[in-house]
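Below you'll find the structure, written out as structure tokens, and then a few comments.
The values are calculated or read from the model by the stated rules, or taken from the named source; none is laboratory data. Predicted, not measured: the structure shown is a model, and the values here were computed from it. As a convention, Cβ positions derive from the backbone with ideal geometry for all residues, glycine included, and neighbour counts pool all protein chains shown. Accessible surface is based on the protein model in full, side chains and every heavy atom, while ligands, DNA and RNA are left aside. Shrake-Rupley method; radii C 1.70, N 1.55, O 1.52, S 1.80 Å.
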Amino acid sequence: MSESASSSTAEGSPTSEKHCEDLSPSKKIKLETTSASREVETKLEARLGGILCCAVCLDLPHSSVFQCSNGHLMCAGCFTHLLADARIRDETATCPNCRVEISRSLATRNLAVEKAVSELPADCQFCGQKYPRNSLERHETDFCEERVVWCQYHVLGCGWWGPQHEKSSHENQCQQPSHTGAQILPHLRRQNEANNEQKSIFKSIFSVLSLEKITFNDLQLKPYRTDEFIHKLFYETSRFTALNYQWVIKAHLNDNQRDPHLTNKRYLTYQVDDGFDNEVENLFIMFLWFINKLFYFSILFLMFLLVILLLFILLSF
Ligand SMILES: [Zn+2]
Ligand SMILES: [Zn+2]
Ligand SMILES: [Zn+2]
Ligand SMILES: [Zn+2]
């Protein structure tokens, strides 16, 4: 196919050892010097990798790079994680290296590091050859001959998948296009069902969004602690009005796990309370408390009366 031809021209010549096997002896010396310079290059790459890596996860950043006011580097993922952790513990976020405060406004991007990292080579996950990080994604999705692809008759039910360079030879002998309509009908039906399922999700979203009674509110969940012996964290928005009611959204992290910042897996459970019901509920709880206390006091009062009666009887004799 023309795709493979264009790949070799567009991508240049990556550091492939295969092409160098049958070279004339006169070119051997040149080859040795290039392999030596390559060794120096890889050492330099390793050193640069060590310098430009994220101070938290020690990986080379894939996207934005942030730095604290003292210049310590953090990848976007770790930076967001640090801010979220601090939010969970209701503390200010700090740089893990120098403990200086970090936030969206205090930390800055480092474009020079981002560009330097994008020039460092990385291995293609399919063919294992090295490419600059900024062109690796394009190589893996469009050009790599080892990338995994489906047969073009997959829509007709062919289940073949394999490396790109085997695709055309499979398609030349693929039996799927010669199947009759009756044979491929069940597969088409299954596909249709899957499509309809997706369509119904979109339809329900559109019908909710086009409801007449709909309000939008910008809400911010703020962390609070319960006043129990072991504090539990929960998050609450301020009261907001929607559809003539007052509402509050409460959220718990990881089902009230004690130290949610120690795990990577985090999920919020939400609960919507309307303010009116809450007040009625509170009144009812106060009423129950009063009844409870009344019962307790009335028993005390009866015992007190009994004691006085007994004293009175004893004194009268
Ligand atoms: Zn990181
Ligand atoms: Zn720092
Ligand atoms: Zn590749
Ligand atoms: Zn096929």
Whether any residue in the stretch 179-187 is outside any helix (DSSP H, G or I) and more than 16 Å from ligand 3 (Cβ to nearest atom) is what I want to check. yes
Number of positions in the stretch 203-258 that are at pLDDT below 80 and among the polar types (S, T, N, Q): 6
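Results for (1) outside the structural domain of residue 268 (by TED's automatic domain parsing); (2) modelled with pLDDT under 90; (3) of a type in the set (S, T, N, Q); (4) within 16 Å of ligand 3 (Cβ to nearest atom), shown as yes or no for each residue.
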site	(1), (2), (3), (4)
61	yes, no, no, no
67	yes, no, yes, no
71	yes, no, no, no
78	yes, no, no, no
84	yes, yes, no, no
93	yes, no, no, no
96	yes, no, no, no
108	yes, no, yes, no
Taking residue 118, is it modelled with pLDDT of 90 or more, out of contact with any strand residue (DSSP E or B) (no Cβ under 9 Å at 6 or more places or on another chain), open to solvent by less than 40 Å² (accessible area, probe 1.4 Å) and within 28 Å of residue 72 (Cα to Cα)? no
When the stretch 209-254 is checked residue by residue, the ones that are open to solvent by 100 Å² or more (accessible area, probe 1.4 Å) and among the acidic types (Asp, Glu) are 212, 218, 227
Just to verify a result, which residue in the stretch 133-158, among those that are more than 13 Å from ligand 3 (Cβ to nearest atom) and farther than 30 Å from residue 181 by Cα, is surrounded by the fewest Cβ atoms within 10 Å (Cβ to Cβ)? 134
Any residue in the stretch 105-129 that is closer than 15 Å to residue 146 by Cβ sitting within a Cβ distance under 8 Å of a residue that is of a type in the set (Gly, Ala, Ser) and modelled with pLDDT under 95? List the pairs, counting only those 6 or more apart or interchain. 129/16
Yes or no: residue 92 assigned to a loop (DSSP other than H, G, I, E, B), under 24 Å from residue 267 (Cα atoms) and more than 16 Å from ligand 4 (Cβ to nearest atom)? yes
Mind listing just one residue for me: the one in the stretch 168-199 that is open to solvent by 90 Å² or more (accessible area, probe 1.4 Å) and over 39 Å from the mean Cα position of the chain (by Cα) and, of those, farthest from residue 149 (Cα to Cα)? 183
Taking into account only those residues within the stretch 45-86 that are more than 16 Å from ligand 2 (Cβ to nearest atom) and part of a loop (DSSP other than H, G, I, E, B), which is most open to solvent (accessible area, probe 1.4 Å)? 62
Sole miss for residue 113 among (1) surrounded by 14 or more Cβ atoms within 10 Å (Cβ to Cβ); (2) within 16 Å of ligand 2 (Cβ to nearest atom); (3) under 30 Å from residue 253 (Cα atoms) is condition (3)
Criterion first (at pLDDT 90 or above and either assigned to a helix (DSSP H, G or I) or within 30 Å of residue 47 (Cβ to Cβ) (or both)) does residue 190 satisfy it? yes
